[in-house]
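Asks: Starting off with a structure, shown below.
The values are calculated or read from the model by the stated rules, or taken from the named source; none is laboratory data. The model shown is predicted, which means the values in this text are computed figures rather than measured ones. Using ideal geometry, Cβ is built from the backbone for each residue, glycine included, and neighbour counts are taken over all protein chains shown.
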Amino acid sequence: MIPLSWYLILAAGLFCIGFYGVLARRNAIAILMSIELMLNAVNINLVAFWRFLAPESISGQAFAVIVFAVAAAEVAVGLALVISIYRSRKTVIAEEINLMKW
Amino acid sequence: MTPIQLVFLFVAFATLWAAFMVVTRNNLVHAALFLVIALFGVAVLFVMLEAGFLAVIQVLVYIGAIAILMIFAVMLTRGDVDDIPDITNRYAGWVGLVAVLFFSSLVILMAQWPSFTALAKPILSSRDTIVELGTALVSPNGYVIPFEVASVMLLAALIGALVVARPRKGK
Amino acid sequence: MTFFEDPVVFLSNLIQDLLVGLNLAPSVVTFFMTLLGVVIVASFGLIAVIFLIWLERKVAARFQDRIGPNRAGPYGLLQTFADIIKLITKEDITPDNADKVAFNIAPILSVVSVLLIWAVIPFASGWIGSDINVGVLYIGAVGSFGILSVLMAGWSSNNKYALLGAFRAVAQLISYEVPMLITLLIPVLLARTMGLMGIVEAQSTWFVVYAPLPALIFLISSIAEIGRTPFDLLEAESEIVAGFHTEYTGMKFGLFFAGEFLHAFTIGVLTAILFFGGWRGPGAETYPVLGVIYLMLKALGGYFIVMWVRTTLPRIRIDHMLNFNWKLLVPVTLALLMLIAVLDKAFAGTALYLPALIAANLVVFAGLMVALRQLAVRQRKERKRFKKRPVAKPA
C-alpha cells in the first residue's frame with residue numbers, strides 16, 4: 001500500500017521544480033510550461049486528499065476539473081500574449097519585455 | 001516493497017526527472033516533449049488514485065491540447081531566440097536555493113501532520129464516481145456555480161486569445 | 001462452458017487454471033493473463049493491417065479500372081509480405097541534423113496511438129480488453145498521441161517540408177477533433193454510459209436510426225483525423241513531398257504506413273460500434289464468435305466507405321478544409337448535440353422518442369441545406385460581378 005505521504009512529497013517536489021522554472025527561466029513559454037507543472041502538482045494533491053482523506057465526497061475531483069479549465073484558459077491567453085509580443089517586439093525573453101517598466 | 005509501490009516509485013521518478021528536464025533544457029521543443037512525459041506521469045498517478053476520468057481528461061486536455069499548443073508556440077516564436085546561451089536569469093542560483101528550502105520545509109511541516117502517513121480506504125465497488133462527479137458538477141447543491149463560471153471563463157479566454165493573437169489589420 | 005460456445009473464455013480459463021496449478025501468486029497470474037491479452041489484441045491489429053493493405057490496393061485498383069496486385073500468391077495476397085520484406089531490407093537513414101531520439105520515437109508512437117484504441121474495443125459479448133467506464137473519452141485521449149507523433153516526426157526530421165506537413169497536420173487534426181468528440185458524445189447520451197460495452201448493449205435499435213446525421217459527421221471527421229483523401233493535405237505529395245514522413249525510410253516509414261491503415265480500419269470499427277450496433281446480430285449473444293464476425297463485417301463496410309471516398313474525391317484546399325470544419329461541422333454538431341439532449345430528456349421512454357429524434361435530424365439537415373443554398377447563391381452573385389474569372393497574373 002502507498003501512504004498519502006508519497007503522493008504529497010511527489011507533489012511538493014513537482015511544485016518546487018515548477019517554482020524554480022517560473023522564477024529562473026528567461027523564456028516566456030518556458031515560464032508557462034513551469035506554471036503547468038505547478039498546477040499539476042496542485043492537482044495531484046487535490047486528488048490524493050480526496051482519495052485518502054475524504055473519498056465519500058467527490059469535491060476533490062470536482063476541484064481538479066476546475067483546475068483543468070483554469071489551466072486551459074491560462075495557456076490559451078498566455079500563449080496568445082507571448083505570440084502577440086513576439087510579433088511586435090521580436091522577443092520572448094521575459095526580461096526584455098520591459099515597455100511598461102519604469 | 002509491493003509491486004504497486006515499485007510502479008509508483010518508477011512513475012514518480014520519471015515524472016520528477018521529466019519535470020526537471022523541462023526547466024533545465026535549452027531547446028524548448030525538447031522541454032515541451034519532456035513536459036508531455038511529466039504530464040503523462042501525472043495521468044498515471046491519477047489512475048493509481050482511482051480517478052480514471054481525471055486521468056483521461058489529463059491526457060486529452062494537457063497532452064492533446066496544451067502541450068501541442070506549447071510546441072506550436074515554440075515553433076512560431078523561433079528565430080533569434082534559438083539556443084540563447086544563458087537560459088536562466090541572474091537570480092537562478094538564489095531561486096534554486098529557495099526552491100530546495102521551500103521543498104524541505106514543506107516536507108518537514110507535512111511530516112508533523114498526523115494524517116501524513118494515512119492509508120487509503122478501499123472505495124466501494126458499487127460506487128460510480130463518474131456519475132457522482134457529473135451530478136456534483138451540475139447540481140445546485142454541488143458545484144454548478146464554479147462549473148458555470150469556469151465555462152464562461154473558458155469562453156472569455158477563447159475570445160481573448162483570438163483578439164490578442166490576431167495580427168493587426170494594415171500591418 | 002464448452003469450447004464451441006465461447007472459445008476465448010474457454011481457453012483463457014484453461015490457461016488460468018494451468019497457471020494457478022503452477023502455484024503462482026494470484027497477482028502474477030493476473031499480470032500474465034493481461035500481458036497475453038495485450039499481445040493477442042495487438043498482434044491481431046497488426047496482422048489485420050497486412051490483409052487491409054492488400055484489400056485497399058485491390059479495391060482502389062477496381063475503382064480505377066485496374067486489376068491491382070496479382071503476381072505474388074493467389075490474387076496477389078502475398079504482395080504485402082513482399083513489400084514488408086522490401087521495407088525491412090531498405091537502408092535505415094537518419095538525417096544528419098535530425099533530432100535522433102524524437103525521430104525514432106515518432107513512428108512507434110504513431111502505431112501505439114492506434115493500437116491503444118483496440119484495448120477498449122468490444123469484439124463480442126464479454127470479449128473486451130478493458131471495459132473502462134470512460135471508454136469514449138479514452139478514444140479521444142489516445143488520439144492526441146497520434147497528433148503528437150506527427151508533430152514530433154515533422155519537427156525532428158529537420159526538413160522544411162516535413163515541418164510544413166506537421167503544421168498542416170496539427171491544424172487539421174486539432175480542428176477535426178472537435179466535431180469528432182462532440183459526435184462521440186451523442187451515442188453516450190443515447191446509451192447513458194461512456195463504456196463502449198454499455199453502448200453496444202444499449203443498441204437494441206442501432207443508434208444510426210436515432211442519429212443518422214451524427215453518424216455521417218463522425219465518419220467525415222474521422223476521415224479527416226486519419227488524413228486520407230480528400231483531407232490528405234498533411235502529406236500532399238504535389239505540394240510538400242510527403243509531409244511529415246518525408247525523411248523516413250524503410251521500416252520506420254512502414255510503421256507510419258501501417259499506423260495509417262490500421263487507423264482507417266479502426267475508424268470503421270468505431271463507427272460500427274458507436275452507431276451500427278457493434279457485435280450485435282442474430283445469435284451473437286450465445287455464440288460470441290458470431291459477434292466478432294458481425295463486427296468485422298460492419299467495420300469492413302465502414303472501411304469500404306473510407307476507401308470509396310478516398311478513390312473518388314480530389315484533395316481539398318486548406319482554407320476550404322478549415323472553413324468546412326469550423327463554419328459547418330462544428331456548429332451543426334453542436335446544434336445536434338443540444339437538440340438531441342433536449343429531446344432525449346423530453347421524450348425518453350415514450351413512443352414519440354424515435355420520431356422526435358429523426359425529425360430533429362431532418363430539421364437540422366434541411367436547415368443546413370437551406371443555408372448552404374443561400375451561401376451558394378450569394379457566392380454566384382459575387383462571382384457575376386467580375387466580368388472575367390479572377391486569374392493569377394505574374395507580378
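Asks: Tell me yes or no: at least one residue of the range B:141-152 is modelled with pLDDT under 85 and outside the structural domain of B:Gly52 (by TED's automatic domain parsing).
Replies: Taking the range B:141-152 as the starting set, the residues that turn out to be modelled with pLDDT under 85 are B:141-142.
Pick out the ones that are also outside the structural domain of B:Gly52 (by TED's automatic domain parsing) and you get B:141-142.
Yes - at least one qualifying residue is present in the range B:141-152.
Asks: Working carefully through the options C:Ile117, C:Ile128, C:Ile147, C:Ile139, find the one that is in contact with a strand residue (DSSP E or B) (Cβ under 6 Å, 6 or more places away or on another chain) and either of a type in the set (Asp, Glu) or in contact (Cβ under 8 Å) with a residue 12 or more places away in the chain (or both).
Replies: It is C:Ile128.
Asks: Okay, moving on. Which condition number does C:Ser175 fail, the rest of (1) of a type in the set (Ser, Thr, Tyr); (2) touching a Gly at 6+ places or on another chain (Cβ under 9 Å); (3) part of a helix (DSSP H, G or I) being met?
Replies: Looking at each condition in turn, C:Ser175 falls short on (2).
Asks: Only residues that are at the interface with chain A (Cβ under 7 Å from one of its Cβ atoms) and either among the charged types (D, E, K, R) or farther than 20 Å from A:Met38 by Cβ (or both): list them for the range B:99-117, please.
Replies: B:Ser115, B:Phe116, B:Thr117
Asks: For B:Phe10, all conditions in the list (1) surrounded by 18 or more Cβ atoms within 10 Å (Cβ to Cβ); (2) over 26 Å from B:Val74 (Cβ atoms) hold save one; what is the number of the exception?
Replies: (1)
Asks: Restricting to the range A:34-68, name every residue that is more than 30 Å from B:Pro122 (Cβ to Cβ) and within 7 Å of another protein chain (Cβ to nearest Cβ).
Replies: A:Ser34, A:Glu36, A:Leu37
Asks: Check C:Pro107, C:Pro69, C:Pro95 and return the single one that is at pLDDT 80 or above, surrounded by 14 or more Cβ atoms within 10 Å (Cβ to Cβ) and in a helix (DSSP H, G or I).
Replies: Exactly one of C:Pro107, C:Pro69, C:Pro95 is at pLDDT 80 or above, surrounded by 14 or more Cβ atoms within 10 Å (Cβ to Cβ) and in a helix (DSSP H, G or I), namely C:Pro107.
Asks: Residues to consider are B:Gly79, B:Gly52, B:Gly96; find the one that is out of contact with any strand residue (DSSP E or B) (no Cβ under 8 Å at 6 or more places or on another chain), facing another protein chain (nearest Cβ under 7 Å) and either modelled with pLDDT under 85 or within 21 Å of B:Ala161 (Cβ to Cβ) (or both). Let's see the steps before the verdict.
Replies: Values: B:Gly79 fails: facing another protein chain (nearest Cβ under 7 Å); B:Gly96 fails: either modelled with pLDDT under 85 or within 21 Å of B:Ala161 (Cβ to Cβ) (or both).
One residue alone meets the criteria, B:Gly52.
Asks: Could you please let me know if C:Gly227 is surrounded by fewer than 23 Cβ atoms within 10 Å (Cβ to Cβ), away from chain B (no Cβ under 14 Å) and at positive phi?
Replies: In short, no.
Asks: Next up: When you scan the range C:361-374, do you find a residue that is more than 30 Å from C:Thr229 (Cβ to Cβ), in a helix (DSSP H, G or I), basic (Lys, Arg) and free of Cβ contacts under 8 Å to residues at least 24 places away in the same chain, even just one?
Replies: No, every residue in the range C:361-374 fails to be more than 30 Å from C:Thr229 (Cβ to Cβ), in a helix (DSSP H, G or I), basic (Lys, Arg) and free of Cβ contacts under 8 Å to residues at least 24 places away in the same chain.
Asks: Among the numbered conditions (1) at pLDDT 85 or above; (2) under 23 Å from A:Ile58 (Cα atoms), tell me where B:Arg127 comes up short.
Replies: Condition (1) is where B:Arg127 drops out.
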